[in-house]
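**Student:** Mind having a look at this structure? Questions to follow.
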């Protein structure tokens, strides 16, 4: 997977300022369970072969909202196609990682890298010069819902029954919420 442009999961990364103990507290706050972990793994099995279709939906949503797509603009203020493409590939890998990787120190370190790309080093990974310095935190948080709601139909295509579908969807929602909580850290580290 390290051949993806800008995908540095297995590289030496800065250690996340979020400790594994803090991660455990977040998981406790989310009422995360072993059943959720199993449901998320199952969701990952169903989503992995559909990643491009999922991304089509998400990118269609972002692209149809000027206040969201502006985060992918270049120096000319217009959406940069190369930037959108590079982020798309990593976004797809995020789906796979969220569902299949262990949530350990390396995973935390990579979530910190992603978080920094939203607010500290935006555009640098892909060499994009822009006047956009960060993705507004309000949109990062609000995007939890579209990312959660739209996945349900993709999960339903392989769910055994409604009970499994509900479990996978709930686990996905919790996992996305966890991710955004971690990604919020560099916006205001002293208050996180």
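The values are calculated or read from the model by the stated rules, or taken from the named source; none is laboratory data. Model, not experiment: these values are computed from the prediction. Cβ sites come from the backbone with ideal geometry, for glycine too, and all protein chains shown count toward neighbours.
**Student:** Based on this model, can you work out whether residue 3 counts as assigned to a loop (DSSP other than H, G, I, E, B), out of contact with any helix residue (DSSP H, G or I) (no Cβ under 9 Å at 6 or more places or on another chain) and either farther than 18 Å from residue 111 by Cβ or at pLDDT below 95 (or both)?
**Tutor:** Numbers: assigned to a loop (DSSP other than H, G, I, E, B): yes; out of contact with any helix residue (DSSP H, G or I) (no Cβ under 9 Å at 6 or more places or on another chain): yes; either farther than 18 Å from residue 111 by Cβ or at pLDDT below 95 (or both): yes.
Here the answer is yes, as residue 3 does meet what is asked.
**Student:** Right, another one. Applying the selection to the stretch 71-100, what residues are touching a strand residue (DSSP E or B) at 6+ places or on another chain (Cβ under 8 Å) and either under 21 Å from residue 47 (Cβ atoms) or surrounded by fewer than 18 Cβ atoms within 10 Å (Cβ to Cβ) (or both)?
**Tutor:** Listed by number, the list holds a single entry, 79.
**Student:** Take residue 65 and decide whether it is surrounded by fewer than 19 Cβ atoms within 10 Å (Cβ to Cβ) and under 28 Å from residue 189 (Cβ atoms).
**Tutor:** Values: surrounded by fewer than 19 Cβ atoms within 10 Å (Cβ to Cβ): yes; under 28 Å from residue 189 (Cβ atoms): no.
The answer is no for residue 65.
**Student:** Shifting gears a bit: List the helices (runs of 4 or more DSSP H) inside the stretch 101-192, counting only whole elements, that have at least 1 residues being buried (at least 18 other Cβ atoms within 10 Å of the Cβ) and out of contact with any helix residue (DSSP H, G or I) (no Cβ under 9 Å at 6 or more places or on another chain). Before you say what the answer is, go through the steps one by one.
**Tutor:** Details: elements: 105-119, 137-142, 144-149, 151-156, 162-183.
Fully inside the stretch 101-192 and qualifying: 105-119.
**Student:** Here's another thing I want to ask about it. Residue 43 fails exactly one of the following numbered conditions: (1) farther than 25 Å from residue 186 by Cβ; (2) part of a loop (DSSP other than H, G, I, E, B). What is the number of that condition?
**Tutor:** Here residue 43 meets the rest and fails (2).
**Student:** Let me ask something else. Are any residues in the stretch 57-100 touching a residue at least 24 places away in the same chain (Cβ under 8 Å) and outside any helix (DSSP H, G or I), and if so, which ones?
**Tutor:** 73, 74, 75, 77, 80
**Student:** Within the stretch 27-40, count every residue that is in contact with a helix residue (DSSP H, G or I) (Cβ under 6 Å, 6 or more places away or on another chain) and not in a loop (DSSP other than H, G, I, E, B).
**Tutor:** 3
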